[in-house]
1. Among Pro44, Ala121, Ala10, whose Cα sits farthest toward the positive end of the charge dipole of region 1-122 (+1 at Cβ of Lys/Arg, -1 at Cβ of Asp/Glu, about the Cα centre)?
2. Under the rule of at least 5 residues apart or a separate chain, name every residue whose amide H is placed under 5 Å from the amide H of Ala26.
3. Helix-only estimate, please: 222 nm mean residue ellipticity of the chain, summing -39500 (n - 2.57) across DSSP H runs of length 4 or more and dividing by its residues, to the nearest 500.
4. Would you kindly calculate the translational diffusion coefficient of region 199-287, applying Stokes-Einstein with the Kirkwood radius from alpha carbon pairs, for 37 °C and a viscosity of 0.692 mPa s, and quote it in µm² s⁻¹ without decimals?
5. Using the Karplus equation 6.51 cos²θ - 1.76 cosθ + 1.60 (θ = phi - 60°), what ³J(HN,Hα) coupling, rounded to whole Hz, does each residue of region 126-143 give in order, writing x for Gly and Pro?
6. Please work out the FRET efficiency for the pair Asp170 and Trp318, using the Cβ-Cβ distance as r and a Förster radius of 30 Å; give the result to the nearest 0.05.
7. More than 43 Å apart: what percent of Cα pairs in the chain qualify?
8. Calculate, for the chain, the solvent-accessible area per residue in square angstrom, rolling a 1.4 angstrom probe over the heavy atoms of the protein chains.
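The values are calculated or read from the model by the stated rules, or taken from the named source; none is laboratory data. It should be emphasised that the depicted structure is a prediction, and the values quoted were computed from it without experimental measurement. Cβ sites come from the backbone with ideal geometry, for glycine too, and all protein chains shown count toward neighbours. Remember, those area values only see protein heavy atoms, side chains included, never the ligands or the DNA or RNA. Shrake-Rupley method; radii C 1.70, N 1.55, O 1.52, S 1.80 Å.
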Amino acid sequence: MVGPGAREHALVRSLAADPGVTKLYAAPGNPGIAGLIGERNCLPVDTLDPQAVAALATDLEADLVVVGPEAPLVAGVSDAVRAAGVPCFGPSAAAAQLEGSKAFAKDVMAAAGVPTGASYACTTLEEVQKALTEFGAPYVVKDDGLAAGKGVVVTESVDAALAHAAACLDREGGRVVIEEFLDGPEVSLFCITDGKTVLPLAPAQDFKRALDGDLGPNTGGMGAYSPLPWAPADLVDDVVENVARPTIEEMARRGAPFVGVLYCGLALTSRGVKVIEFNARFGDPETQVVLARLSTPLGMLLRAAAVQHLEHVPPLEWLDRAAVTVVLASENYPDTPVKGDVITGVSDADGWPDAWVLHAGTAIEEGDLVAAGGRVLSVVATGEDLTAARTTVYAALERIGLRGGQFRKDIAEAAAAAELTERLAHPAVPSES
Ligand code: AMP
Ligand code: GLY
């Protein structure tokens, strides 16, 4: 497992539960992952150095390498691992451009007929100005390259839009994408693919803004839940047929087959489902809730994609449970997160019934667990419905102490209410027994 965060911790947790997986190594892992697989199995490596990762995989005689974050993918880690003869779950550098360049993704979508917002890729402020005027407010300005979820500004202020565009253009090779504003709820759908077959996981919803009520700056994600009781029944089929499959086919046609997980970031607009973004990896924190519900063995699934046998995988199986995750972030996240504060109560929270704690930015310092990043922990809970999962996740989170720590109190709140409304409108028919 390549990567350091809570998404990787969630993946390792599910891989460890797969009876077919006999040995797990993480590079570099984190203190939470070390707690699962042993500190000796967490190996320091420069995950942006493709040859170093490939050499490690060869040394370990790995049957499968799973790449978590986008930066190693864009750097070509999967290409090097595959060239060394080791199956790899994660797209090539060429295919990862679906995430690495928003302009490239737009070009693929146009060629594949995938619905997305109208947009212009701009390299000068004059072009930016023209595009902003054409689309009107709210303005959507996106850095073309990777920006860890922080390259996008959505604003009513033309000055703020121009300022962000100018900052992006100032960078070496700077390019920005100006996009039409898409209204409607957002959904993340992960599609596992071997470059031909597409297997969707359960949809999830992410909370990108830092503060309750979707206020504050964009972050990497402050919480997530699954399933989505309010989503149209045909959502997954619709996205597979009209978004994922045409995109995967277009990538194969371009000689850059996509092997791994295509993360479809969608807006459910009044004019249908539209793509907000593609990512070339699992989402963080959505993965935490999707995997909490998946009962199909994960190692088998990811290896089948890596060795291009996905068509032989039986239909995926899901627990009939809801899952919610809430991210505990450090003081001043996302601007200048404060590091080094001691975290208490983690084992208490982790031992809470139906809850567990995944590590994102933590470290061990002088025997203490301390905050070492912006997003520190991801607490996950399951329950018979979203209301139950919410109650449990917040009860577990209450056990944890971190000076200045912040988390959203409204993760899955509206969805839990929608679930209730749905149940009142369509009461379950009692089964005969
Ligand atoms: P991205 O990195 O492209 O996912 O953008 C981050 C967030 O900005 C998204 O999750 C949306 O909340 C918002 N966003 C991006 N593009 C648009 C758009 N065209 N219309 C409305 N909101 C958007
Ligand atoms: N949760 C958003 C992302 O992983 O990009």
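1. Among Pro44, Ala121, Ala10, the one farthest towards the positive end of the dipole of region 1-122 is Ala121.
2. Here Cys42, Leu43 satisfy the definition.
3. Result for the chain, helices only: -9000 deg cm²/dmol.
4. Estimated via Stokes-Einstein, D reaches 229 µm²/s.
5. Calculated HN-Hα couplings, in order: 5, 4, 4, 4, 4, 5, 4, 5, 5, 7, x, 7, x, 8, 10, 10, 10, 4 Hz.
6. Approximately 0.05, to the nearest 0.05.
7. Tail of P(r) above 43 Å: 9 percent of Cα pairs.
8. 42
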